[in-house]
Amino acid sequence: MTTTDSHYDIAIIGAGPNGLTAAGYLSRAGAKVLLADRHHECGGGLITEEWSGFRFNTHAKLMMMMDVMPPFEDLDLESWGCTYLRPDVAAAIVTRDGRAMCFYADIERTARSIARFDADDAEAYVEVMTDWYTIVNEAIIPATYSLPLPLLDMAVSYEQTEVGRVVNEMAEESFVETLEAAGFESDLLKTAILYLGTMYGMDPEGGLGFLLPLFFNRLLHASVVRNGSHQLAASLARFANRNGTTIERAAEVAAILTDGPRATGIRFADGREVTAGAVISTADPQMTFLGLVGEEACLAASPHLVAQSQSWEWESTSLFNAHYALSERPRLAAADDDPDADRALVKIMGVETVDELLGHIESVKAGRFSTAIGAGMVLTDFDPMQAPVDIEPGTAVACWETLAPFDLADGSWDGKREACAKAVFETWTEYAPNLADTTVVRHYANDPTFIEAKLPNMVRGSIKHGAYVPTQMLSNRPNADCSAYRTPIENLYVAGASVWPGGMVLLGGGYNVAGVVADDLGLDRWWTEPEFVSEARKKGLVG
Amino acid sequence: MSGPEGTYDVIVVGGGINGLTAATYLQKSGLQVACFERKLEAGAGCCTEEVMAPGVKVNLCASNLVTLWSPVYGDLELERFGLEMLTSGEWGMFHPFRDRSAVMFNSWNAAAQYEHLASINGHDAEIFKTAYNALAPMMEVVLHSSQFLQATQGPDDITQEGGMGTMLRFLLPEIPENVHELDAIEVAEAVYEDDRIRTAILANCVMSGAHPWDRGMSALMPIVFPVLQCTQSVTWTSRGGSHAITHALCSCFAAHGGRLFTGCPVDRIIIEDGAATGVVLSPHAAFPEAEVRARQAVISNLSAHPTFLQLVGEERLPDWVREGVHAYKNDETVLFQNYWVLDRPPRWEGYPDGLDTAYGFTYGIESVADIRRLEECLETNTLPDPPIVAGLSVQGFALADPTQAPPGRYTMMSWANVPWELPAHGGPEKWDVIREEYGDKVDALLREYNPGLMDSVVDRYCTSPLDYFRKNPSQVCGSTTSGPTHLPWFGTHRPFPGCGAPRSPFENLYLSNAIWPYGTTTLGSGYIAASVVAEDLGVRSGQDWWRHKAMEAGREVLARRGIEIGVPLP
């Protein structure tokens, strides 16, 4: 019953980070854009909600690319209210006997912390990280904000440079192999690197070893969005609004309308239809092609699309998050060993050896959940206003994040959610004894089934709209026919986390699809490519 | 451009719905406006959050939206910016009794309302008919002049002989001659015969923010309420929850070039030579300690306490202002909220038909004596036990708008009236300690009325007045109306006599909240602030779009659904 217009140049399905980004670029280019989302709020996984004045970031918390993502400058996000904070101490791994190894974006500084445990490793770290940082900065980050090279082209083209050859080599390795190749001695160091590499569901025994340097490097550069993760979405939405995008919230899209092999618009769940010159879906391939387009229309356009979508592989692990509104912040006992540990953004607790970590991941895959291993974060250390500190000084918000199975081997999450949140709190108390006397004003346990219920594209509690495995990464994401954002269905584009470069709030999908759609629709590409992408292109490292 | 630096024509402090309304009108009128909001999301009272299971939308403050009756709805094209108002059945409100009877209030069908009252008491139904036929034709005018024009009357005007009460007596001779000396309870007792009708009406007076123990306008509420309910109180939610109003306002503001900065608490309003010239953001703001200048006006959308005592600074206030602000402190009923998730649609077995699809209800008040008990509890800062739920209870969110709950789930909430102070427990900070226990008492009370309903509850969430305050510190003492609403602060005396609101004792400093009328989703105080500021700054004329009157948009929306309101009764 709203009076939304019945025709748009572009209709975008899903107001998550990529949908918002695409809307921003394309509406600024002059297109009349409709952005629709089933949720009552924009942002997809960029969720921040308030429990009695305490803000819980119930999904995305750490932003891996804020410092390099082109949309931050292009869409002027800072002036629309988005700022981010880079913690001084990125991570710490804390031992049961009260010691801590700390990690910083700065290589030398990290080496000094490692040297407290192992002098040789400290030296090796400098050498290895110099290489890892180079491939991340020169190849992988540029590739994030450009079209993926077809796999064969990539294999050939990457052989032309030293950086490319290293990536090619790592692509064949598992995370464990890439880590072993680095030659570190200290189990604690290796555990920390592997933990940070796998904390968002990467399979340590799978391939795509070059993603280990990427995740490790970017988590050491991670930032938190001031105000809460949702602020990034809110700022993107304001930019889009300013440029004329119509945003419809609480508006579920039921179908992508097609005429033969061509997309012509969308139909909402309430029956309203809107025609559009182009449709961009940020949903996963199963929802986009099997659900919204429908098998028949897919078959009309391509013999492969249905089968490709049906074989989409979801992640084998999900996340469990427990959020606590506290009368005081947790203080690590290991602060006595190294005060920086207490200031770290990500505090790894409960795991000290690679074998323990691998066993843990295997166990999660088998449906068992551990309340003893996880990462603690206190976002109010960096952004105090995420608690009502102006009226209750000293209050804090703490979050425990850890891998978890979607299906528990021993029963349903419904019966376990609260008990797990309590047990996790006890684990944290072992490392931060002051928690025992702290008042928990509110808490919220967010298990994998909650993730799926809240974000239906995150099937089985998916973290990234589908597994990062070689068969659905790079130009295979979501499949060889759609990885360049165009699809076999004319005028239909895909841009969500299930498309290169994937999830984790990179804004890469939205950025890249905007360029493709602008070209196809003859819109002005008003933005300029970042220099780091142009440099990489000269070396044949990006498409 | 990076950050909020620079100079704006107008700065609005606080992005609640009234602040956004004022900001958007002025931006659309051609001024450059920046709005600074402390929280992550603007909207203050119009917030919807998923604090329970995924997909369960919790409207944590505003729940019964009356925005359709506002001129803002049309002027700012809120529909075009995504706002869709929805309602459930035609019985908007009802008040059940333990004997399974109920008094119901219809949202638009006056004939059905008359029939219903007649089935309880013929005399009382006639009172309704007379009042309805007299008042319904004047509703637009009354609403526009009382909600959308700067106040011209104070408490003395309203209680004196010859005031509004006497006027009504002319239309309805049953009103006692000394109406200006009576409170609402006394008027209800004098006018109505049936105690259930009196009780239900008085409970709904409390629900709509009036004080049955006050004289003045409140005393007329027992006569006016059923008419109001039938002509302009259609109970609504908006698609996606109350927060959709905020989104529509924000989208409109942004589309016209306005700048909203969330996560930006303001620490100080800069006053130079007695005039407001800008603001300084807090060290915790997204732009820490940034100083931003306003060429023409600063509008504070915070309540009077933070505006004057903190932002302007108590030391800068003349004595009369300081005294006025201190006297404004909220000392009346605040709200304790229970929020439930049901696994089947609400059903009222054994009660009259029509209740299942009604939007909301009040309960726990069996007679006028319970209303007096509420008055006594508030006077003595005693927690009502058992609770008294004259506050709004809503069961119609998901009935009207299926997006507010997952499939097969329904939401329901109720506001129990409580005092802020808890002297018997050790102070308001003890709300954290007794929250769940008091929530259980509210559950138990509702169970007495409808055990089947409570059997369908699968989850519950409670918020205390302390939680309210934490969520929005401008709501001093957990106030949901930005300050006290009873008689001494009526009209021109809100927030204090001599303030001249929406103007203030400081040049170029205006108020858009804590002024007349009380903070509701009519957006009236934001509209009035915009009107006065636009006149003062000389930008009001020539704004062709700024032309809607109260109720205009509401009538159009209802007409699209085949509903006509205000049809005279034979």
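The values are calculated or read from the model by the stated rules, or taken from the named source; none is laboratory data. Everything quoted here is computed from the prediction, not taken from an experiment. Neighbour counts run over all protein chains shown; Cβ positions are idealised from the backbone, glycine included. Just so you know, the surface numbers come from the protein's heavy atoms only, side chains and all, with ligands and any DNA or RNA stripped out. Shrake-Rupley method; radii C 1.70, N 1.55, O 1.52, S 1.80 Å.
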- Message: Would you confirm, using the coordinates I've provided, whether B:P497 is open to solvent by 50 Å² or more (accessible area, probe 1.4 Å) and within 30 Å of B:W213 (Cα to Cα)?
- Response: yes
- Item | Those residues of the range A:157-193 which are among the hydrophobic types (A, V, I, L, M, F, W, C) and at pLDDT below 95, in sequence order | A:A171
- Filtered residues of the range B:258-272 (kept if more than 8 Å from chain A (Cβ to nearest Cβ) and out of contact with any strand residue (DSSP E or B) (no Cβ under 7 Å at 6 or more places or on another chain)): B:I271, B:E272
- Message: Go through (1) out of contact with any strand residue (DSSP E or B) (no Cβ under 6 Å at 6 or more places or on another chain); (2) away from every other protein chain (no Cβ under 13 Å); (3) among the β-branched types (V, I, T) for B:T277 and report which single condition fails.
- Response: (1)
- Task: Working only within the range B:1-14, note down all residues that are farther than 16 Å from B:Q296 by Cα and more than 11 Å from chain A (Cβ to nearest Cβ).
- Result: B:G14
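Each row is one residue, and each column tells you yes or no for (1) at negative phi; (2) under 19 Å from the mean Cα position of the chain (by Cα).
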| position | (1), (2) |
| --- | --- |
| B:L466 | yes, yes |
| B:H486 | yes, yes |
| B:G498 | no, no |
| B:A501 | yes, yes |
| B:P505 | yes, no |
- Query: For the range B:465-493, which residues satisfy the criterion of being within 14 Å of chain A (Cβ to nearest Cβ) and not in a helix (DSSP H, G or I)?
  - Reply: B:N472, B:P473, B:S474, B:Q475
- If you take the residues in the range A:332-355 that are over 19 Å from A:T371 (Cα atoms) and not in a helix (DSSP H, G or I), which one is most open to solvent (accessible area, probe 1.4 Å)? A:D337
- Task: Go over the candidates A:L194, A:L147 one by one and state the one that is over 30 Å from B:G263 (Cβ atoms), surrounded by fewer than 22 Cβ atoms within 10 Å (Cβ to Cβ) and not hydroxyl-bearing (S, T, Y).
- Result: A:L147
- Turns out the strands (runs of 3 or more DSSP E) fully within the range B:329-403 with at least 2 residues that are of a type in the set (A, V, I, L, M, F, W, C), in contact with a strand residue (DSSP E or B) (Cβ under 8 Å, 6 or more places away or on another chain) and closer than 22 Å to B:I197 by Cβ are B:389-394
- Note on the structure: For the range B:261-283, the count of residues that are open to solvent by less than 20 Å² (accessible area, probe 1.4 Å) and either among the polar types (S, T, N, Q) or under 12 Å from A:M385 (Cβ atoms) (or both) equals 6
- Task: List every residue pair whose Cβ atoms lie under 7 Å apart, where the two residues are 6 or more positions apart in sequence or sit on different chains, the first residue falls within the range A:331-342 and is in the same structural domain as A:T438 (by TED's automatic domain parsing), and the second residue, located anywhere, is surrounded by fewer than 19 Cβ atoms within 10 Å (Cβ to Cβ) and assigned to a helix (DSSP H, G or I).
- Result: A:R331/A:N434; A:A333/A:P433; A:A341/A:A335; A:D342/A:A335
- Of (1) within 14 Å of chain A (Cβ to nearest Cβ); (2) open to solvent by 10 Å² or more (accessible area, probe 1.4 Å), B:L83 satisfies every one except (2)
- On the given criteria, is B:L466 without any contact (Cβ under 8 Å) to a residue 60 or more places away in the chain and in contact with a Phe, Trp or Tyr (Cβ under 9 Å, 6 or more places away or on another chain)? yes
- Task: From (1) open to solvent by 10 Å² or more (accessible area, probe 1.4 Å); (2) assigned by TED's automatic domain parsing to the domain that holds A:Y493, pick out the condition that doesn't hold for A:A233.
- Result: (1)
- Query: Any idea which of A:A23, A:A31, A:A36 is within 12 Å of another protein chain (Cβ to nearest Cβ), closer than 27 Å to B:L83 by Cβ, touching a helix residue (DSSP H, G or I) at 6+ places or on another chain (Cβ under 9 Å) and open to solvent by less than 10 Å² (accessible area, probe 1.4 Å)?
  - Reply: A:A36
- Scan of the range A:483-495 for residues that are in a loop (DSSP other than H, G, I, E, B) and modelled with pLDDT of 95 or more, ordered by number: A:Y485, A:T487, A:P488, A:I489, A:N491, A:A495
- Looking across the range B:223-254 at residues that are open to solvent by 10 Å² or more (accessible area, probe 1.4 Å), away from every other protein chain (no Cβ under 14 Å) and in a helix (DSSP H, G or I), the single one that is farthest from B:K57 (Cα to Cα) is B:V224
- Item | Scope the range A:58-79; condition under 12 Å from A:Q231 (Cα atoms) and open to solvent by 10 Å² or more (accessible area, probe 1.4 Å); matching residues | A:A60, A:E78
- Message: touching a Cys at 6+ places or on another chain (Cβ under 6 Å), buried (at least 21 other Cβ atoms within 10 Å of the Cβ) and not in a helix (DSSP H, G or I): is that true of B:W420 in this structure?
- Response: yes
- Query: When you go through A:S223, A:S229 one by one, which is the residue that is touching a Ser or Thr at 6+ places or on another chain (Cβ under 9 Å) and of a type in the set (S, T, Y)?
  - Reply: A:S229
- Query: So which pairs qualify, if the first residue must be in the range B:39-66 and facing chain A (nearest Cβ under 8 Å) and free of Cβ contacts under 8 Å to residues at least 60 places away in the same chain, the second must be assigned to a loop (DSSP other than H, G, I, E, B) and of a type in the set (V, I, T), the Cβ gap must be under 9 Å, and the two must be at least 6 apart or on different chains?
  - Reply: B:E50/A:I47; B:E50/A:T58; B:E50/B:V56
- Give A:A375, A:A421, A:A445 a once-over and let me know the one that is open to solvent by less than 30 Å² (accessible area, probe 1.4 Å) and part of a helix (DSSP H, G or I). A:A421
- Task: Report yes if some residue within the range B:315-334 is within 14 Å of chain A (Cβ to nearest Cβ) and over 30 Å from B:A400 (Cβ atoms); otherwise report no.
- Result: no
- Note on the structure: Screening A:A536, A:A495 for residues that are open to solvent by less than 10 Å² (accessible area, probe 1.4 Å) and either under 19 Å from A:L292 (Cα atoms) or among the acidic types (D, E) (or both) leaves only A:A495
- Message: Condition first: within 23 Å of A:S498 (Cα to Cα) and facing chain B (nearest Cβ under 10 Å). Can you find one or more residues in the range A:58-65 that meet it?
- Response: yes
- Task: Report yes if some residue within the range A:75-83 is farther than 30 Å from B:A559 by Cα, assigned to a loop (DSSP other than H, G, I, E, B) and more than 10 Å from every other protein chain (Cβ to nearest Cβ); otherwise report no.
- Result: yes
- Quick one: which of B:T21, B:T7 is in contact (Cβ under 8 Å) with a residue 12 or more places away in the chain and open to solvent by less than 10 Å² (accessible area, probe 1.4 Å)? B:T21
- Criterion (within 18 Å of the chain's Cα centre (by Cα) and among the polar types (S, T, N, Q)) met by exactly one of B:T277, B:T199, B:T246: B:T246
